[in-house]
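Student: The structure's right below; bear with me while I get my questions together.
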Amino acid sequence: MKVEVISLVLFVTVTSGQMFASTNGRVPPSSTTLMEQQSMTPNRSNQDTSNYQPGPALIDETTRWKTCDGVNQSIYDFQVESLNGTFTDLSQYRGQVLLIVNVATFCAYTQQYTDFNPMLQQNAAQGFKILAFPCNQFYLQEPAENHEILNGLTYVRPGNGWRPHPDLHIYGKLEVNGENNHPLYEFLKGTCPQTVDRIGKRTELMYDVIGKNDVTWNFEKFLIDRQGRPRYRYHPTAWSHGQVVQQHMQQLLSER
């Protein structure tokens, strides 16, 4: 295990196994309350945040994707909660090609939503759908309750009256990392290797424990084939208006 401290900011370096990390060199508690999480977040009121951008830099890194390992299990074994509190078996997507993405309304990457609708308009008829899972574990960028999320997208970000395509299915909030990560994400992370060497700044990650295959930020993606198997994993920066995913998506759509 390896922990690197650069300019007094702790970065988590991906190594084998799991590790705790904290900004003061002490092992943090196994779980944190919202108040504790907020205390870990930089005090934005006492600093100039006009140019501060948490998370990965807003650039296209088209090579930041990995091929997933072959597995017998599928996502059809899992249930997820909808925005209205009911539960859905993912087996209802049997035979579809899926893009699974963790999302947040107040993230610089939220503009990727505007690429989702055109992708679906072009490919939904061939059996392509996008499943979006709001998550508040990255710099607290999804603070809304489930019933508030759609209004946030329509009127805040992307805003301007934006509405999701009928085949963009936005589910309820869940945790993608840490001790309470959803079983779906436990499966996805265990099947698909990490795309980068460093996960990110510890002060921006609102969870414990840090794992080697953790989702790195909002808008990380997993591409699922028609048998429900994870096939590709994409870093949030590996996007380029969907072109990075499109090449693999077309391949999976052609498979029967």
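Student: List, please: which pairs have Cβ atoms under 8 Å, are six or more places apart or on different chains, and start with a residue in the range 195-208 that is within 15 Å of residue 141 (Cα to Cα) and of a type in the set (A, V, I, L, M) and end with one that is in a loop (DSSP other than H, G, I, E, B) and modelled with pLDDT under 95?
Tutor: Here the result reads 206/32; 206/41, each pair linking the range 195-208 to a residue that is in a loop (DSSP other than H, G, I, E, B) and modelled with pLDDT under 95.
Student: In addition: Which condition number does residue 4 fail, the rest of (1) assigned to a helix (DSSP H, G or I); (2) acidic (Asp, Glu); (3) modelled with pLDDT under 95 being met?
Tutor: So the condition that residue 4 fails would be (1).
Student: With the requirement that a residue be in a loop (DSSP other than H, G, I, E, B) and buried (at least 18 other Cβ atoms within 10 Å of the Cβ), what does the range 75-98 give you?
Tutor: Result: 78, 96.
Student: Where residues in the range 143-176 are out of contact with any Lys or Arg (no Cβ under 8 Å at 6 or more places or on another chain) and among the polar types (S, T, N, Q), which of them is nearest to residue 73 (Cα to Cα)?
Tutor: Across the range 143-176, the extreme among qualifying residues is 151.
Student: To continue, here is another question. Considering only residues of the range 117-150 that are of a type in the set (A, V, I, L, M, F, W, C) and part of a loop (DSSP other than H, G, I, E, B), which is farthest from the chain's Cα centre (by Cα)?
Tutor: The qualifying residue farthest from the chain's Cα centre (by Cα) is 144.
Student: Is it fair to say residue 246 is free of Cβ contacts under 8 Å to residues at least 12 places away in the same chain and out of contact with any Phe, Trp or Tyr (no Cβ under 9 Å at 6 or more places or on another chain)?
Tutor: It is false that residue 246 is free of Cβ contacts under 8 Å to residues at least 12 places away in the same chain and out of contact with any Phe, Trp or Tyr (no Cβ under 9 Å at 6 or more places or on another chain).
Student: Can you tell me which residue within the range 191-208, out of those that are hydrophobic (A, V, I, L, M, F, W, C) and touching a Pro at 6+ places or on another chain (Cβ under 9 Å), is farthest from residue 225 (Cα to Cα)?
Tutor: 196
Student: Another one. If I ask for residues that are under 17 Å from residue 57 (Cβ atoms) and of a type outside the set (Gly, Ala, Ser), which ones from the range 206-240 would you list? Break it down into steps so the answer makes sense when it comes.
Tutor: So the first thing to find is which residues in the range 206-240 are under 17 Å from residue 57 (Cβ atoms), and the list is 216-220, 234-240.
Listed by number, the residues that qualify are 216, 217, 218, 219, 220, 234, 235, 236, 237, 239.
Student: Need pairs with beta-carbon distance below 6 Å; first residue within 26 Å of residue 203 (Cα to Cα) and within the range 141-162, second of a type in the set (A, V, I, L, M) and at pLDDT below 95; sequence gap 6+ or separate chains.
Tutor: Partner pairs satisfying both residue conditions: none exist.
Student: I would also like to ask the following. Would you be able to tell me the number of residues in the range 81-116 that are within 26 Å of residue 225 (Cβ to Cβ) and under 15 Å from the mean Cα position of the chain (by Cα)?
Tutor: The total comes to 10.
The values are calculated or read from the model by the stated rules, or taken from the named source; none is laboratory data. Being a predicted model, the structure only gives us computed values, none of them experimental. Backbone-built Cβ (ideal geometry, glycine too); neighbour counts: all protein chains shown.
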